[in-house]
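Take a look at the structure set out below.
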Amino acid sequence: MFDSIVIILVIIAVCYFLFRKQPSSPSVAGNLPGPESYEFDIVGESNYQDALEEICGGKSEESSEHYTEAILYLENDNPYDKQAVRVDIDGHIVGYLSRANTRAYRKQLKQMGHENLICSCKAVIVGGWRRSKSDEGNVGVKLDLPVS
């Protein structure tokens, strides 16, 4: 859990340097550059398998590796968690930041005066093979965010 919080703090620091000269407003948006290592996991993808398969073209015999862009939305009206940060790809919900990562992310955004910031980052959709009825894997998402 400590590693996740450190990762979020690094992400926020990058946001700060990217957006510190811009005024704070709900419409501010920017891109979070990552090291192209795609190490940041999200949660809840199992609930969005249909959308993920549609985005990457469905399951095949080999695992998918579909590079794309993700958008991080602050979901203040989420009925299960008012602090949720939703991850969308190609207009589809594909998962969320974990609860611990969400709290750290939002806290840092607020401290920097960007509590409504919407960011994008690179993402890769992985997995999703179907070799037989008994050999099938779900699709997952990894984000390219700055991690240490």
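Amide hydrogen proximity for Val85: with H placed 1.01 Å from N in the peptide plane, the residues at 5 or more positions away or on another chain lying under 5 Å are Glu75, Leu97. Label separation (Glu115 vs Asp90): 3.6 nm, computed from points 7 Å beyond Cα along the C-beta direction. Using only alpha carbons, region 37-120 has a radius of gyration to Kirkwood radius ratio (Rg to Rh) of 1.01. Only one residue of Leu72, Ala104, Cys56 has its Cα farthest out toward the positive end of the dipole of region 55-115, where Lys and Arg carry +1 and Asp and Glu -1 on Cβ, and that residue is Ala104.
Sorting the segments 61-68, 95-102 by their mean number of nearby beta carbons within 10 angstrom, highest to lowest, gives 95-102, 61-68. Measuring from label point to label point, each 7 Å out along Cα→Cβ, what is the Tyr73 to Glu36 span in nm? Going by the 7 Å Cα→Cβ label model, 3.0 nm.
Put a dot 7 Å past the Cα of Gln49, heading toward its Cβ, do the same for Ala100, and the two dots end up 2.7 nm apart.
Every number here is computed from the coordinates shown, using simple stated rules; none is lab data. Keep in mind that this is a model prediction, so the values were computed, not measured. Reconstructed Cβ throughout: ideal geometry from the backbone, glycine too, with neighbour counts over all protein chains shown.
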